[in-house]
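The values are calculated or read from the model by the stated rules, or taken from the named source; none is laboratory data. For clarity, every value in this text was computed on a predicted model and none was experimentally measured. For neighbour counting, all protein chains shown are included, and Cβ atoms are generated from backbone atoms with ideal geometry for every residue, glycine included.
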Amino acid sequence: MRIIFVLAAAAVGGILAVTTAFGGDDNVPPISDAVVQEECSACHFAFQPAFLPAESWSKMMGGLEDHFGEDASLSETVRDNIEAYLVANAGRGNVDPQNPPLRITELRWFKSEHSEREAQRMMERLDVKSLLSCGACHQGAERGIYDDD
């Protein structure tokens, strides 16, 4: 009976982790794989896997020779390990499996959480140049920077 309770609690915890990742409270689990962190952050911010669905990560990892205009090719072993981590920790969402989005900003949840007008206002107040600066805007919101004067 105790094992069933622990498994049920773990399952609920997993559901809550996915829910909070998209719930607007910034509780997205950080990257816990050192190789993923190192390889992905070598050129850009390493996004947490929960921000994209598995289909998106698979498509992205399958086309690293043209990764947003750059050659990000990796050895097959490293690529396979990174893809396995990203897919195992991916977010959930209904996407076209034949044409999954490759940018977080293309996802429905992102668009509903970040209206163009609100995002522009936030970026101007903090002198943020890109929507890729998640931390700058979200930390600003926590400090009340977006409150109207």
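Give the residue that is surrounded by the most Cβ atoms within 10 Å (Cβ to Cβ), with candidates limited to residues of the range 45-74 that are part of a loop (DSSP other than H, G, I, E, B) and hydrophobic (A, V, I, L, M, F, W, C).
The extreme case among them is L52.
In the range 109-128, which residue that is in a helix (DSSP H, G or I) and of a type in the set (G, A, S) is surrounded by the most Cβ atoms within 10 Å (Cβ to Cβ)?
The extreme case among them is A119.
Those residues that are crowded, with 19+ Cβ neighbours inside 10 Å and in a loop (DSSP other than H, G, I, E, B), I need them from the range 81-94; list them, please.
N89, A90
I15 versus (1) assigned to a loop (DSSP other than H, G, I, E, B); (2) modelled with pLDDT under 95: which is the lone unmet condition?
Looking at each condition in turn, I15 falls short on (1).
If I ask for residues that are touching a strand residue (DSSP E or B) at 6+ places or on another chain (Cβ under 8 Å) and of a type in the set (A, V, I, L, M), which ones from the range 25-74 would you list?
A50, L52, M60
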